[in-house]
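The structure is given below, and queries will be raised subsequently.
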Amino acid sequence: MTALNAPRMIDDTLPAPPLVAIARLTLPDDAATRRLGTDLALALKPGDVVALCGDLGAGKSTLARAAIRTLADDPGLDVPSPTYTLVQAYATTPPVAHFDLYRLAGDSELDELGFEDSARDGIALVEWPQNAPSAFAAATIVVELAMAQGGGRIAAIAASEAAAARIRRSLTVRDFLTAVGLADAPRRRFTGDASTRRYETVAAHGEILVLMDAPREPDGPPVQNGLSYSRIAHLAEDVAPFVAVAKSLSAAGFAAPAIRKADLDNGFLLIDHLGANTLLDPAGRPVPERYEAAIACLAELHATPWPGAMPVADGVVHHVPAYDRGALEIEVELIVDWYLPRAKGRPATDDERAAFADIWNGLFDALATAETSLTLRDFHSPNIIWRPEQSGRRRIGLIDFQDAVIGPSAYDVASLAQDARVDIPAELEARLVAHYVALRRARGGFDADSFQRAYAIMAAQRASKILGIFVRLLERDAKPQYLRHIPRIKAYLRRTLSHPALAALRALYQDWGVLDDDAPRPIRPSDDTA
């Protein structure tokens, strides 16, 4: 901690956790201390222990209250001091426990306070950690606060390697907001997704904007021909594709968020908040009329000519990639690489891989004559905003398109009509597809038979890919919550494989047991985590 050049407020003889210095900040007033509490809270994860060190009046409780209110997403939450109760727990997400160890004289009472459980399952904010050496030794983050000469405070922050990266990122978000004139803007958690992208809302001059935090993704290790998975699958590795596609969609009259401010190098965007309504009712069920409006939006989008080169900024252009065979193949192989070993309890054999590749090569050949258009690639309920106050194509808000490609237009229709996050009955799927076909036919020049074949192939490709992705999210990324969607995806796949063009694939998947409801699946203790 001495590398921070901050006043020492803890006993040098205490067992110090292995931490790295992050920042030494000047906090001119209580508002700045509360902002730091918010910035830290937005970086915290279960397992974090935050040691808050400093003399009486140094601002520990002020910072802790701001952090707890941020985690609770409730700026007005009553956060009493735990001076007398020693600990106060909050049912936030993740849960947080606020400890005040001022009256402790050692570690003996920590077990009674539930410190170990809080530190393991949630977040622990600990004032006066030096009074219980094991609490201080468990810290993943240490914040030392002291009064500064002339007023205000000094905050010195250190953290473990893993926590340091998160905190630096959150502090850099504040630097971005400061650079665009929003230094004091309140930040609130918004949402996240299966990627590394994070979202917050920011109050700015009387309106609410969305902050996209999308750090540049490394290529990853080569998997084929010296190229990474993201390169082969044409996945966005920075925010430039999002900016380019957003601008092009908006220019064509579609409801994509305007880019208010951008830091392309650091991966920060401040964008319009298109609304909070979705295609689902309050009980989470699909609203058919909203889905039909979304299908109508797709019909408009696929009838619109799109440039292959889309401007990002002065001198920067994004070239929209083709949804080529390499991308389609590496995506569909996820079912073999990830789902099949989990279902069968062993890796796929060389013969199984060869049979799989042969069938899919034939199906991809059949796509040669399919209509192509701008394909948003993740057009389903979490990424679609219902805007009833608008009309026409602007009634549907589009928010997730950084991976857009030029590919079979049927893919996005399948994404919506077989929504991965909500059950779409067969009757509603048929209704949506028929509505799309009718709208496209009304414009003329639309080959409905070719579309239906492409729809079946792309629906099967997408379902196969998603089965692999959801298992990969568990095995590689420790995100078991997506497993609950697997029965739905398998039901869609069974439905899709009834198309005559997919007869060989249906036979293969039946032989592999992919379509079985009772396919064996090793269960981990965390599999039921939502």
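Suppose R0 equals 22 Å; then what is the FRET efficiency for Ala148 and Ala183 from their Cβ-Cβ distance, rounded to the nearest 0.05?
0.70
FRET efficiency for Arg325 and Arg346, Cβ-Cβ distance as r, R0 = 45 Å, nearest 0.05?
Approximately 0.95, to the nearest 0.05.
Applying the Karplus parametrisation 6.51 cos²θ - 1.76 cosθ + 1.60 with θ = phi - 60° to the phi angles of region 199-207, what ³J(HN,Hα) value in whole Hz is obtained for each residue in order, glycine and proline being reported as x?
The phi angles translate into 9, 9, 9, 10, 7, 9, 6, x, 10 Hz.
May I ask you to give the solvent-accessible area per residue for region 339-455, in square angstrom, as obtained with a 1.4 angstrom probe?
I get 40 Å² per residue for region 339-455.
Further, regarding this structure: Before I look further, what does region 178-217 give for accessible area per residue, probe 1.4 Å, in whole square angstrom?
Value for region 178-217: 50 Å² per residue.
Using each residue's phi in region 472-477, evaluate 6.51 cos²θ - 1.76 cosθ + 1.60 at θ = phi - 60° and report the 3J(HN,Hα) Karplus result to the nearest Hz, with x for Gly and Pro.
Each residue's phi maps through the Karplus curve to give 4, 4, 6, 5, 8, 10 Hz.
For region 239-390, report the convex hull volume of the alpha-carbon atoms normalised per residue, in Å³, without decimals.
Measuring per residue, one finds 187 Å³ for the Cα hull of region 239-390.
What does the charge dipole of the chain about its Cα centre add up to, to the nearest 20 debye, if the Cβ of each Lys and Arg holds +1 and the Cβ of each Asp and Glu holds -1?
With only Lys, Arg, Asp and Glu charged at Cβ, the dipole is about 1020 debye.
Calculated from DSSP H runs of 4 or more alone, at -39500 (n - 2.57) each and per residue, what is the 222 nm mean residue ellipticity of the chain, nearest 500?
Helix-only estimate at 222 nm: -11500 deg cm²/dmol.
State the percentage of accessible surface on region 42-119 attributable to carbon and sulfur atoms; use a 1.4 Å probe and exclude ligands, DNA and RNA.
Here carbon and sulfur together make up 49 percent of the probe-accessible area.
How long is the chain along each principal axis, judged by its Cα atoms, biggest number first, in Å?
Each principal axis gives a Cα extent; for the chain these are 77, 51, 46 Å.
Given H placed on each backbone N at 1.01 Å, which residues far from Val223 in sequence or on other chains put an amide H within less than 5 Å of it?
Residues meeting the criterion, in which the H sits 1.01 Å from N, are Ser228, Tyr229.
Another question, then. Explain nothing, just the number: relative contact order of the chain, from Cα pairs under 8 Å at least 6 residues apart, as a whole percent.
Answer for the chain is 12 percent.
Convert each backbone phi in region 29-38 into a coupling constant with the Karplus relation 6.51 cos²θ - 1.76 cosθ + 1.60 (shift: θ = phi - 60°), then list the ³J(HN,Hα) values in order as whole Hz, x for Gly and Pro.
7, 4, 4, 5, 5, 5, 4, 5, x, 5
Another question, if that's okay. In region 132-258, carbon and sulfur make up what percent of the accessible area (probe 1.4 Å)?
Carbon and sulfur: 57 percent of the exposed surface of region 132-258.
Then there is this: Mind running the shape call on region 186-308? Use the C-alpha gyration tensor, a ≥ b ≥ c as the square roots of the eigenvalues: rounded below 1.5 for a/c, prolate if a/b tops b/c, oblate otherwise.
oblate
I need the shape label for region 352-474. Rule: rounded when a/c is under 1.5, else prolate if a/b > b/c, else oblate, with a, b, c from the alpha carbon gyration tensor.
The shape class here is oblate.
Could you tell me how far the Cα centroid of region 67-100 sits from the Cα centroid of region 154-225, in Å?
Here the answer is 23 Å between Cα centres.
Between Thr375 and residues 5 or more places away or on another chain, which pairs have amide H atoms under 5 Å apart, with H built 1.01 Å from N, and which residues are they?
Under 5 Å from the amide H of Thr375: Val405, Ile406, Gly407.
Rounded to the nearest 0.05, what FRET efficiency do Asp358 and Ala31 give with R0 = 60 Å and r taken as the Cβ-Cβ distance? Could you check?
In this case the efficiency is close to 0.40.
I've got another one for you. Taking a label point 7 Å from the Cα of Ala313 along the Cα→Cβ vector, which residues of region 152-196 have an amide N closer than 18 Å to it?
172-182
What ranking, highest mean first, results for peptides 415-427, 304-316, 104-116, 337-349 when packing means the other Cβ atoms within 10 Å averaged over each residue?
By packing density, highest mean first, the sequence is 415-427, 337-349, 104-116, 304-316.
Same structure again: Determine, for the chain, the count of lysine pairs separated by eight or more sequence positions (or lying on different chains) whose alpha-carbon distance falls under 18 Å.
For the chain, qualifying lysine pairs total 6.
Shifting gears a bit: Given H placed on each backbone N at 1.01 Å, which residues far from Ile384 in sequence or on other chains put an amide H within less than 5 Å of it?
Residues meeting the amide H criterion: none.
The values are calculated or read from the model by the stated rules, or taken from the named source; none is laboratory data. Just so it is clear, the model here is predicted, and its values are computed rather than measured. Neighbour counts are summed over all protein chains in view; Cβ atoms, including those assigned to glycine, are modelled from backbone coordinates with ideal geometry. For the accessible areas, the whole protein counts, side chains as well, though only heavy atoms, and no ligand, DNA or RNA atoms are used. Shrake-Rupley method; radii C 1.70, N 1.55, O 1.52, S 1.80 Å.
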